[in-house]
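**Student:** To start, I am sharing the structure in question, which I have written as structure tokens.
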Amino acid sequence: MTRFLAVLAATVISAAAFAQTYPDRPVRIINTFPAGGSGDAVLRVVFEKVSAALGQPFITETRTGAGGSIGTEFVAKAAPDGYTLVLGTASTFGTNSATMSKLTYDAVRDFTPVVMIATTPYLLLVHPSVPATTAKEFVDHAKANPGKLNYGSFGNASSNQLAYELFKQVAGIDVVHVPYKGGAPLITALLGGEIQSSLDVYATANPHIRAGKFKLLGVASARRFSLLPQAPTLAEQGYPVEGGTFFAILGPAKMPRSVVDILNSEVNRALQMPDVRERLTALGTEIAGGTPEALGEIVVREVQKWTKVVQDRNLKFE
């Protein structure tokens, strides 16, 4: 018993000492999607403040491939000391678990949630030629023309494909999926009327909505989107669909709670700064923040939700 207490005391002292010195060298954050995108911008806005507060650089390292799973797996296998983190998204900590049978990491078991940074919901968009100004009118039009309308996605197994499949299931409509290789060709296809509908994010869609080149029929979120407060949610219109993307920080499993608390506190502090809030809003996101536990619950829900959608819709990807 005495030996056990001695070991326990030494562990507590060691953890406290580690917390007092963390970070004592640069911290790297793995971005699993191409450099120059919204993920890079979000990290830069937030972690320049965290870096200034903690006195160490937070360096973004890009590791792309396999829908973000390569970089995410790298972090899962890293030392759980707080010096290797990952920028988690709705793909890497949600839909990938539902669509990749050979995924080499477990989004829940293999990671330590730290903090949610920001979120952005998908917007239900249609080409101006579609005779609909509400989600219900579009659903009625689709039901009158089963299999004759197309919707586009960022690619097979993408998060907006799964979100649209959930919409189809809830609405009881038959709209044909057309996968594209990323967001840019998807936007081009919808602008040209090659497809009639899509789900996309505010940052890329809003300029075209404002120009009248897309019609916005609803927002796939539980509550109204602060950047488009006049736009009703799909749920308000009778179609309870939630989908979008998020930006979160996670580390390998078994990170010290003291380190998690330091990072969580500093990110939450940064998110309250007016210039940070302004810059994140300009990127088309809503500021989130919150506890590690709240982020962990989101990841569990995302994995369960999209796994059920894939099963219910009998979707095949590999």
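**Student:** Can you pull out the trypsin sites (Lys or Arg not before Pro) in region 17-124 whose DSSP state is coil and whose Cβ has at most 14 other Cβ atoms within 10 Å? List each step's numbers first, then the result.
**Tutor:** On the way: sites: Arg28, Arg44, Lys49, Arg63, Lys77, Lys102, Arg109; in loops: Arg63, Lys77, Lys102, Arg109.
Within region 17-124, the qualifying trypsin sites (Lys or Arg not before Pro) (loop, at most 14 other Cβ atoms within 10 Å) are Lys77, Lys102, Arg109.
**Student:** With the dipole of the chain worked out from charges on the C-beta (+1 for Lys and Arg, -1 for Asp and Glu) around the Cα centre, which of Ala235, Ala189, Tyr105 lies farthest toward the positive end?
**Tutor:** So the residue we want is Ala189.
**Student:** Under a Cβ-only charge scheme (Lys and Arg +1, Asp and Glu -1), can you give me the dipole magnitude of region 121-237 about the Cα centre, in debye to the nearest 20? Intermediate values should be presented prior to the final figure.
**Tutor:** Details: 10 positive and 7 negative charges, 37 e Å.
Value, rounded to 20: 180 debye.
**Student:** Starting from a Cα-only point model with no solvent, please compute log10 I(q)/I(0) by Debye for region 121-237 at q = 0.14, 0.18 1/Å.
**Tutor:** Each listed q maps to, in turn, -0.49, -0.85.
**Student:** If you don't mind, there's one more thing I want to ask. If the only charges are +1 at each Lys and Arg Cβ and -1 at each Asp and Glu Cβ, what is the size of the charge dipole of the chain around the Cα centre, to the nearest 20 debye? Mind showing how you got there, number by number?
**Tutor:** Values: 29 positive and 26 negative charges, 35 e Å.
Once rounded to the nearest 20, the dipole reads 160 debye.
**Student:** Ok, one more. Nearest 500 deg cm²/dmol is fine: what mean residue ellipticity at 222 nm does the chain get from its DSSP H runs of n ≥ 4 alone, each adding -39,500 (n - 2.57), divided by its residue count? Display every interim value, and only then the final one.
**Tutor:** Numbers: 11 runs with 136 residues, N = 318.
Counting only the DSSP helices, I get -13500 deg cm²/dmol.
**Student:** Could you give the angle, 0 to 90 degrees to the nearest 10, between helix 38-54's Cα long axis and the longest principal axis of the Cα atoms of the chain?
**Tutor:** Roughly 20 degrees, rounded to the nearest 10.
**Student:** Specify which residue in the list Gly68, Ala203, Ile249 is farthest towards the positive end of the charge dipole of the chain, using unit charges on the beta carbon of Lys, Arg (+1) and Asp, Glu (-1), about the Cα centre.
**Tutor:** Checking the options against the dipole of the chain, the answer is Gly68.
**Student:** Could you tell me how far the Cα centroid of region 44-80 sits from the Cα centroid of region 133-167, in Å?
**Tutor:** Measuring centre to centre over Cα atoms gives 35 Å.
**Student:** Sticking with this one: About the Cα centre of region 28-187, how large is the charge dipole given +1 on each Lys and Arg Cβ and -1 on each Asp and Glu Cβ? Please answer in debye to the nearest 20.
**Tutor:** It works out to roughly 140 debye.
**Student:** Show me, bin by bin at 10 Å from 0, the whole-percent P(r) of the chain based on Cα pairs.
**Tutor:** Spelled out bin by bin, the chain gives 6, 26, 32, 21, 10, 4, 1, 0 percent.
**Student:** Right, something else. For Lys77 and Ala35, compute 0.36 nm times the residue count separating them, minus their Cα-Cα distance, and round to one decimal in nm.
**Tutor:** Extra length available between Lys77 and Ala35 comes to 12.9 nm.
**Student:** Same structure, new question: Round to the nearest 10 and give me the degree value, 0 to 90, for the angle of helix 257-271's Cα axis relative to the longest principal axis of the chain.
**Tutor:** Long axis of 257-271 versus the principal axis of the chain: about 50 degrees.
**Student:** Same structure again: Check the straight Cα-Cα distances from Lys168 and name the lysines below 20 Å, setting aside those fewer than 8 residues away within the same chain.
**Tutor:** Cross-link targets: Lys136, Lys143, Lys148, Lys215, Lys305, Lys308, Lys316.
Laboratory data are not the source of any read-out in this text; all were calculated from the coordinates shown. Quantities reported herein were computed from a predicted structural model and do not represent experimental measurements. Quick reminder, even Gly has a Cβ in these numbers, built from the backbone with ideal geometry, and neighbours come from all protein chains shown.
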